[in-house]
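Let me begin by presenting the structure, written as structure tokens, before commenting on it.
The values are calculated or read from the model by the stated rules, or taken from the named source; none is laboratory data. None of these values were measured; they are calculated from a predicted model. We place every Cβ from the backbone using ideal geometry, glycine too, and count neighbours over all the protein chains shown. Please note that ligands, DNA and RNA were not included when accessible areas were found on the heavy atoms of the full protein model with its side chains. Shrake-Rupley method; radii C 1.70, N 1.55, O 1.52, S 1.80 Å.
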Amino acid sequence: ALRPTMWLWLLAQLASGAAIRGALLLRDGRGRLGEDVYYPVTELDRLKTSMTMYEENSKLRWAQDRAALESAASGTVSESDRAFLEKAAISNEEDLQEARSVEGKMLTFYHTLRTALGSVGTAPSCQVLQCGEHAECEMHNGFAACKCSQCYQGDGLACLPGPCVPAGHSAVLTLPGKTGEEPSDIAEVHVAVFARDHVAVVARDMSAENQGFLWAGFATADGMVWDAPQAFSSGAEAVGPVVVGLSSGRILIAYRDHTDVGISHLVRGRVKADAHGAPRAEIRSPVPLAKEQAQRMALVPLSPSRIACLFSARSVNPSGELGRAFGAAALVELVDEETRILGKFRFADMPVEHIAATALGPTSLVVAFRGLPDIAQEGSTSKELSATWIEMLDDELVVDTHALELEPDRQEMMGRGVALISQNVFAYSYESSTEKQLKIATIHVDPNTHRMTPVGEPAVISQGSAEVIQAISVPSGPLGPRSFTYFQKHGAKYGAAGICRVATSGRAQDCKSIPFADAALRTASGERLMDGRLLFVYADAGSGRPYYQFLGAQDMLQEAEKNRAAAPLPGS
């Protein structure tokens, strides 16, 4: 039987637990100077590898035993022998189920202890993470993490009573300015939240000849602690800047070097605490990615060291002439001091615009885009509201060949955003220019075939056209699943959020718009923190001055619910 053998083996592996105890002492500040803090995590990874090999061998032996029992039972045997073989087959099946149960417990032990040792953002799901009392598990950027409940503080494994910080709107604050220079005039901005409380903001500053600047910071219960802004584009323009962060504290910035058509570049960096606990960003020189770039890129983290970079590319023939445009995805790895491009892959065989993407799991993502075929064939449908499923396998990105095409009879589909609502369900928010409407569709992804299917008809978020439209994944909370789309409509005096209720069928409905900014926005970007707050960074349409603000996600959902309850009945 597998049961006693497996647990005895596991206990033998854990007999060398002095390293783990040493890591916990180091975490509490009682470790010896010079002790290798990575050793316990390395040994834990070795334990998982050994356990995985043991499980595979055990399952192989189970399959061999099953085949032998079935072969013996199919032969000419007595009734007593047949009964004995059937009993042995049942026992063999029970052993397999027990082995699977032990494997699940082992994975939970591995990911929980790894989190306790400080390696956050590596658990693939909440099923393999055991959170502490007064804590709950949430998915963020495709990974599971524990967070303490409101009025408690800690790492999600041990939560102690703490100050009850209101989850409502915070004051609107200005990002730190460039030392000794005129105020920033921001044209584009993008924010990333990673490694539990790390924040990175990138922006194109028109007051500095369109150079790119990075603000790094730590989110606290009271607000933000910022590092001084740093230029990252080596004096060149930084158009369409986007940033993503990893659980290790590493970041990757992507941009192109001209407002029209230019070369796209990647900049790696790291955000960490200095000797006084303040945030400090270290960035490297830009590395070119692709030529003939005219569209903003999208970045999605896929592992503790890998990132998918989605962009619009052009093929080049042997003589150097430019060929057809297409949608491309580069698999980027950040290791040591090197930025590796593991490969480039196609996700669309046509020109693409308005690229948006979000993680669906630890190794999978969905990319939304406006597809513009070179020649529209007679009878062909519009591909302006498309989406494609992509998964990382080993050192490659595997692209599903069955792209989603929403509203195939309509054209002029412009800005868009995608965000995870729940497992295998994401929201696709977009602007339908011909209808002058902002709309949302919920999409179900089959976990086996990866086929994407719209759930019901799209819902209208708001009337009008938008200069900004993006989406954020928000926790369900007591009100159930909701979608969250933020936007700036043409002519509106403030930025707004469209919140839709997601029915049990998965369809978005009962959408309500509520303001979240007191000024019209030129550009905006938002992300959710681990504690449930939403962090927005934006520039007002007048001065271009950069601001940031915390919003309570649950407060906004409840405010939308009140507006929904107060709405008059049709015809009243």
Original post:
If you go through region 456-469 one residue at a time, how many are buried (at least 23 other Cβ atoms within 10 Å of the Cβ) and either more than 25 Å from Lys436 (Cβ to Cβ) or among the acidic types (Asp, Glu) (or both)?
Top reply: 0
Original post:
Just one of the numbered conditions (1) hydrophobic (A, V, I, L, M, F, W, C); (2) open to solvent by 10 Å² or more (accessible area, probe 1.4 Å); (3) in contact with an Asp or Glu (Cβ under 9 Å, 6 or more places away or on another chain) is not true of Leu438; which one?
Top reply: (2)
**OP:** Please verify whether region 441-448 includes one or more residues that are of a type in the set (D, E, K, R), modelled with pLDDT of 90 or more and within 26 Å of Asn141 (Cβ to Cβ).
**Re:** yes
**OP:** Could you pull out the residue among Leu365, Leu342 that is of a type outside the set (Val, Ile, Thr), at pLDDT 95 or above and open to solvent by less than 10 Å² (accessible area, probe 1.4 Å)?
**Re:** Leu365
Subject >> Members of region 219-245 that are small (Gly, Ala, Ser) and open to solvent by 20 Å² or more (accessible area, probe 1.4 Å) >> reply: Ala221, Ala228, Ala231, Ser234, Gly235, Ala236
Subject >> Close pairs from region 386-410: first over 22 Å from Ser429 (Cβ atoms), partner of a type in the set (A, V, I, L, M, F, W, C) and part of a loop (DSSP other than H, G, I, E, B), Cβ under 7 Å, at least 6 apart >> reply: Met392/Leu302
Original post:
Would region 310-332 turn up any residue that is within 29 Å of Thr220 (Cα to Cα) and surrounded by fewer than 22 Cβ atoms within 10 Å (Cβ to Cβ)?
Top reply: no
Original post:
If only one of Ser513, Ser473 is under 26 Å from Met139 (Cβ atoms) and among the hydroxyl-bearing types (Ser, Thr, Tyr), which one is it?
Top reply: Ser473
Original post:
Filtering region 470-523 down to residues that are open to solvent by 30 Å² or more (accessible area, probe 1.4 Å) and hydroxyl-bearing (Ser, Thr, Tyr), which residue is farthest from the chain's Cα centre (by Cα)?
Top reply: Tyr494
Original post:
In this structure, does Leu534 turn out to be crowded, with 23+ Cβ neighbours inside 10 Å, within 30 Å of Met224 (Cα to Cα) and within 22 Å of the chain's Cα centre (by Cα)?
Top reply: yes
Original post:
Somewhere in region 490-504, is a residue in contact with a Lys or Arg (Cβ under 7 Å, 6 or more places away or on another chain), in a loop (DSSP other than H, G, I, E, B) and either over 16 Å from Tyr430 (Cα atoms) or not acidic (Asp, Glu) (or both)?
Top reply: no
**OP:** Go through region 438-468 residue by residue and tally those that are part of a loop (DSSP other than H, G, I, E, B), in contact with a strand residue (DSSP E or B) (Cβ under 9 Å, 6 or more places away or on another chain) and of a type outside the set (Asp, Glu).
**Re:** 7
Subject >> Subset of region 408-435 that is more than 16 Å from Glu138 (Cβ to Cβ) and of a type in the set (A, V, I, L, M) - its residue that is surrounded by the fewest Cβ atoms within 10 Å (Cβ to Cβ) >> reply: Met414
